[in-house]
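Novice: One structure is given below, represented as structure tokens, and several questions about it will come after.
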Amino acid sequence: MKKLLLLLLLLVSSVYAKVIITTTIYPLYDVVQDVGGDNVELNNLIPFGTEPHAFEPTPQNIVTLLKSDLFIISSPVMEPWADKIIKANHLEKITTDMSKYVRIKKHKSFKEGKAFDPHYWLSFNNYIRMVKEIEALLVAKDAINSKTYKKNAKNYIEKIKTLQDKYETLKSCKNKRVIVNHDAFGYLSDDYGIKQYSISGMSPDEQPSAKQIAQLIDIVKKENIHTVFFEEFANDKLSKTIAKEAGAKSEELSPAGNISKQAHRKNVKFLDIMRKNLVKLKKAMDCQ
């Protein structure tokens, strides 16, 4: 009788045990949260309120990873520290590199071995691919709850496509040129035929020269750009200086690589950020 009771307890605990998943950046966290729902225990390695490009893992992060069933990274370009940690802690079998399942865009500024733009989640088609891959990972790991994962993924993709349709209005804007803090909006620009100028390079920590700043001020004036965009987790001094010198205004535009701690407490979602971005882009580019 005791053996039967123990067997039942083990069966029940296995059925109700949550899949422990660790992601690196907010867009991955957001997808897992929506597809996994209450069936997953979710950790995000890069703290909310932190610039993702500047993150370095801690010993506590390693402890978190060793307890995880799945580890999902965005790319070796975005997380150059990941490969060393994965190999040192034998995490290969639980790790998924999401950049292998999306369309990636090459970028000429990268050095050898880092040949693509890592901000792929800013393409809605890529975001849908992310949802489908995470759905597949969860179904494979937790087949008992497969129907829930499939339903959640389907519902989320419908929401993404609804917003994607609204973004189509950007194709008819009068002035399809923007100046942004760092070169993060290449995928979105490609999707909607927008010309992107950036103040820094692929990382917001890169500092332009005085000559480059002067050139950007000249571009804002000549291209009749009304708004210079800055980011929440990067220094906005240069953006605001360029805007002031060129007679333009400055406004925040989020690359959605992370959110603040306050936004996380309020359960701000990726699509919420993208809706706000759409409003700002339409205004900046004289859209109908």
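Novice: Residues of segment 135-158 being charged (D, E, K, R) and surrounded by 15 or more Cβ atoms within 10 Å (Cβ to Cβ), which ones?
Specialist: From segment 135-158, those charged (D, E, K, R) are 135, 141-142, 147, 150-151, 154, 158; that's our starting set.
Once the filter is applied, which keeps residues that are charged (D, E, K, R) and surrounded by 15 or more Cβ atoms within 10 Å (Cβ to Cβ), segment 135-158 yields GLU135, LYS141, ASP142, LYS150.
Novice: Take SER250 and tell me if it is without any contact (Cβ under 8 Å) to a residue 60 or more places away in the chain, of a type outside the set (Asp, Glu) and either within 24 Å of LYS105 (Cα to Cα) or in the same structural domain as SER123 (by TED's automatic domain parsing) (or both).
Specialist: When the stated conditions are applied, SER250 does not pass them.
Novice: Oh, and also: Quick check on ILE157: is it outside any loop (DSSP other than H, G, I, E, B) and in the same structural domain as SER198 (by TED's automatic domain parsing)?
Specialist: The answer is no for ILE157.
Novice: A further question on this structure: Does segment 37-55 hold any residues that are in contact with a helix residue (DSSP H, G or I) (Cβ under 6 Å, 6 or more places away or on another chain), closer than 17 Å to PHE270 by Cβ and part of a helix (DSSP H, G or I), and which are they?
Specialist: GLY37
Novice: Can you work out which of the residues in segment 159-192 that are hydrophobic (A, V, I, L, M, F, W, C) and under 16 Å from PHE270 (Cα atoms) is surrounded by the most Cβ atoms within 10 Å (Cβ to Cβ)?
Specialist: Restricting to residues being hydrophobic (A, V, I, L, M, F, W, C) and under 16 Å from PHE270 (Cα atoms), the top hit is ALA184.
Novice: Look through segment 53-68, keep the residues that are of a type in the set (A, V, I, L, M, F, W, C) and surrounded by 17 or more Cβ atoms within 10 Å (Cβ to Cβ), and return whichever of them is nearest to ALA88 (Cα to Cα). Break it down into steps so the answer makes sense when it comes.
Specialist: The first filter runs over segment 53-68 and keeps only residues of a type in the set (A, V, I, L, M, F, W, C), leaving 54-55, 62-63, 65-66.
If we keep only those that are surrounded by 17 or more Cβ atoms within 10 Å (Cβ to Cβ) as well, we get 55, 65.
On the way: PHE55: 19, LEU65: 12 Å.
Checked segment 53-68; the qualifying residue nearest to ALA88 (Cα to Cα) is LEU65.
Novice: Go through (1) modelled with pLDDT of 90 or more; (2) small (Gly, Ala, Ser); (3) part of a loop (DSSP other than H, G, I, E, B) and name the single condition ALA263 misses.
Specialist: The one condition ALA263 does not meet is (3).
Novice: Going through segment 69-88 one residue at a time, which ones are surrounded by fewer than 20 Cβ atoms within 10 Å (Cβ to Cβ) and not hydrophobic (A, V, I, L, M, F, W, C)?
Specialist: ASP69, PRO76, PRO80, ASP83, LYS84, LYS87
Novice: Output the number of residues of segment 87-109 satisfying the condition of being at pLDDT 95 or above and assigned to a strand (DSSP E or B).
Specialist: 3
Novice: Shifting gears a bit: Which members of segment 77-105 meet the condition of being under 15 Å from LEU28 (Cβ atoms) and within 14 Å of the chain's Cα centre (by Cα)?
Specialist: VAL77, MET78, GLU79, ASP97, MET98, SER99, VAL102
The values are calculated or read from the model by the stated rules, or taken from the named source; none is laboratory data. Small disclaimer: the values here were computed from a predicted structure and weren't measured. Cβ: placed from backbone, ideal geometry, glycine included. Neighbour counts: every protein chain shown.
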